[in-house]
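The values are calculated or read from the model by the stated rules, or taken from the named source; none is laboratory data. Just so you know, these numbers come straight off a predicted model, no measurement behind them. Cβ placement follows ideal geometry from the backbone for every residue including glycine, while neighbour counts extend to all protein chains displayed. SASA here: full protein model, heavy atoms, side chains in, ligands and nucleic acids out. Shrake-Rupley method; radii C 1.70, N 1.55, O 1.52, S 1.80 Å.
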Amino acid sequence: QVEWLKNEEPIDSNLDENIDTRADHNLIIRQARLSDSGNYTCMAANIVAKRRSMSATVVVYVNGGWSSWTEWSNCNARCGRGWQKRSRTCTNPAPLNGGAFCEGMSVQKITCTSLCPVDGNWEVWSEWSVCSPECEHLRVRECIAPPPRNGGKYCEGLSQESENCTEGLCIQDKKPLHEIKSQNIETASDIALYSGLGAAVIAVAVLVVGVTLYRRSQSEYGVDVIDSSALTGGFQTFNFKTVRQGNSLLLNSSMQPDLTVSRTYSGPICLQDPMDKELMTESSLFNPLSDIKVKVQSSFMVSLGVTERAEYHGKAHSGTFPHGNNRAFGTIQARNKATYIQNLSSISTTSELKTTAIFGHLGGRLVVPNTGVSLLIPHGAIPEETSWEIYLAITQKESSLQPEGTDVLLGPEVTCGPSDLAVSTPFALTIPHCAQVNAEHWNIHLKKRTQQGKWEEVMSVEEETTSCYCLLDPYACHILLNSFGTYALIGEPISDCAVRQLKVAVFGCLSCNSLDYNLRVYCMDNTPCAFQEVVLDERLQGGQLLEEPKLLHFRGNTFSLQISVLDIPPFLWRIKPFTACQEVPFSRVWCSSQKPLHCAFSLERYTPATTQLSCKICVRQVKGHEQILQIQTSILENERETITFLAHDDSNFPAQMGPKAFKIPYSIRQRICATFDTPNAKGKDWQMLAQKNSINRNLSYFATQSSPSAVILDLWEARHQHDGDLDSLACALEEIGRTHSKISDITETETEDPDFNYSRQNGL
């Protein structure tokens, strides 16, 4: 008896008319179909034994076919010459089993011309008309020189003008016209006179009340600033009154100042707002002061943007100035909350965000520490017996890419190079972003800077293309590329529901005035590199992180952002009037161009004995998301408890070369590629591998690669550089049905493999 097997299953020609098993035991497939791909085996049996032939592999390939063209897009130029484009995809059908990819262009562009708007303009006035019975004549003009066209603006101003035509000699109601007008003028003059007197009385009353309240507030302190010239800046001398009796906290007037000690101090502003007229330093409560000369740049301490700085030159006692201004950056108290994921102590103090390493044929990984930016060079991307020096850098100065309209720069501008090198297989570039990923609300583009300094669009994330591939994760974008250069992600909001994720962090430090405590609230892009920039700035200013940062969903609905300080202990602390809440316009937040938004608040203790601060920071978008940060801290460093932050600290390994840079051992990777690159009739090939790894879009890109499975695994390596979740990959392989055990079972049979020990260390 002779029978045929397909993939180890018997073939019944009675059930499939396309297959014919002849009497001479030959197998004939009448018409090739995709389902006919597989391994065919002939088996002969009698009462003595069975014999099997060698398996014959049949591969039915499918050549790709173009889909229909999309509609032409709108002209990209609002005025003048521009272009339109349309596209098609190689999905009708998609190439399978090594079939040829579609030939021809996937995108077509044509030129177009948009009519420019023309604003209207007035023609010259007409001649004056005949004088009317009302003693007036008029003239007219029309907006026809030229008339508005194509949406242009209409002319501004009046189209008709009239005036008296008798020079006041015309008679109305038996009175000369000039007498009637003079009576109206006298009435208007009386009204203006009485209004001015009333306003003057009100102004005097407000001034008296203000002076009374001011003097009452000054009575709580024993030192008054007599010279008000600090309001005008420059070097001015401050004199102090004799200390009032009965207050032990005031200056000791009996002590003479030490004029032999001279000190120069640079730091945050020491002056309060001129409204309070109070000047106190840390030891001014107990020690005498000589004349102090202050050069003030700004006396307004609650500000938006970069903190104002001032220079101080003076003669004072050696204990006059505050200590610990260059305090080291620490961590915060846990207060039974989840520990924050960023390890502040691991953040580098260097200002250059650049990493360089030499890579060879074995490939490797390059990381800019604590920024979320990384570069994966696959095994075999660089020719054998060749080594390249490759760098990865983040642009720290203001980006040359200026988004148009409401477009947003979603992440850092990243450069990898040298730009003249070419790799044989795609490398993976990971760039963090701050968008809440939703194709209905965002249209995200990848742009590249040319050698001439201009930016050109590489692709849209949702676009089907074979030149490169973009995979958007919730917090990062993984890009497969064949050429080095400078890249950036631009987000185009499609609707008002587009969300830009902001990280809200609160820092605090003591002011030069020992009674003051400064709170600085930052709203920055939710990317590691943006947070690192803020931490480095605060480290220079002596700031301390007071609370675990929180995530704010800022919508593109044009509503502003409000930041306020709430629940300040009334008898321990106070804040200046009208400064407890600050509002930031929508455009300042949405189009910040990667610069962190910074709001500062100045709190004042009533007595030096107060060392604990408890309050709330409310950050909310009008008609949007709100976050409350509970501040509970000690303002003294030696009393502040600290915790250790848990983080993916990659500062110790900015570059990894060879097998240790990859989570999947090379021998296992080869087996996976050999298994899934081979076509299978049941669909258990690289397409199923992509689907199990959540890669469901633009599969034609992988079909053009020499080893689609290898590129899919490279993308997996880029996405799992921190967790290295090999168990999930093994489960995906089991679901496909190509493996019967996890990858760890495979490695147990390879004890002689050099990758074995490494795989055991990584949890395989």
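Dipole magnitude of segment 2-58 about its Cα centre, charges +1 at Lys/Arg Cβ and -1 at Asp/Glu Cβ only, in debye to the nearest 20?
240 debye
Please work out the average accessible area per residue across segment 2-58, using the 1.4 Å probe convention, and give it in Å².
Per-residue value: 73 Å².
Within the accessible area of segment 354-493, what % is carbon and sulfur when the probe is 1.4 Å and the other protein chains stay in place?
After summing per-atom areas, the C and S share lands at 45 percent.
Of the peptides 40-50, 712-722, 692-702, how do they stack up when ordered by the mean number of other Cβ atoms within 10 Å, highest first?
Descending packing order for the listed peptides: 712-722, 692-702, 40-50.
Let me see the P(r) profile for segment 663-737: every Cα-Cα distance counted, bins of 10 Å, each bin given as a percent of all pairs.
19, 59, 22, 1
Using Cα pairs under 8 angstrom and six or more residues apart, how large is the relative contact order of segment 354-493, in percent?
26 percent
Out of segment 494-543, which trypsin sites (Lys or Arg not before Pro) are coil in DSSP terms and have no more than 13 other C-beta atoms within 10 Å?
Passing both the DSSP loop test and the Cβ count: no residue.
Counting heavy atoms of the protein chains only and a 1.4 Å probe, report the per residue accessible area for segment 64-150 as a whole number of Å². Can you show the working numbers first?
Working: 5900 Å² over 87 residues.
For segment 64-150, the solvent-accessible area averages 68 Å² per residue.
With every protein chain present, what is the per residue accessible area of segment 354-493 (1.4 Å probe, Å²)? Walk me through the numbers on the way to the answer.
Details: 5490 Å² over 140 residues.
Averaged over the residues of segment 354-493, the accessible area is 39 Å².
Evaluated at 10 °C with a viscosity of 1.306 mPa s, what Stokes-Einstein diffusion coefficient in µm²/s does segment 354-493 have when Rh comes from the Kirkwood expression over alpha-carbon pairs? Intermediate results must be reported in sequence, preceding the final value.
Working: Rh = 15.5 Å.
Answer from the Stokes-Einstein relation: 102 µm²/s.
For segment 663-737, which whole-number percentage of the solvent-accessible area (1.4 Å probe, protein heavy atoms only) is attributable to carbon and sulfur atoms? Display every interim value, and only then the final one.
Numbers: 1180 of 2860 Å².
Result for segment 663-737: 41 percent of the exposed heavy-atom area is carbon or sulfur.
What's the carbon and sulfur percent of segment 2-58's accessible surface, probe 1.4 angstrom, rounded to a whole number? Mind dumping the intermediate values first?
Values: 2140 of 4140 Å².
Answer for segment 2-58: carbon and sulfur cover 52 percent of the accessible area.
For the cross-link pairs 447/503; 595/616; 397/623, which exceed 32 Å when the distance is taken from alpha carbon to alpha carbon?
Working: 447/503 25 Å; 595/616 25 Å; 397/623 34 Å.
397/623, as the Cα separations exceed 32 Å there.
Using only alpha carbon positions, build the gyration tensor of segment 2-58, then give the equivalent ellipsoid semi-axes as the square roots of 5 times its eigenvalues, largest first, whole angstrom.
In descending order the semi-axes read 20, 13, 9 Å.
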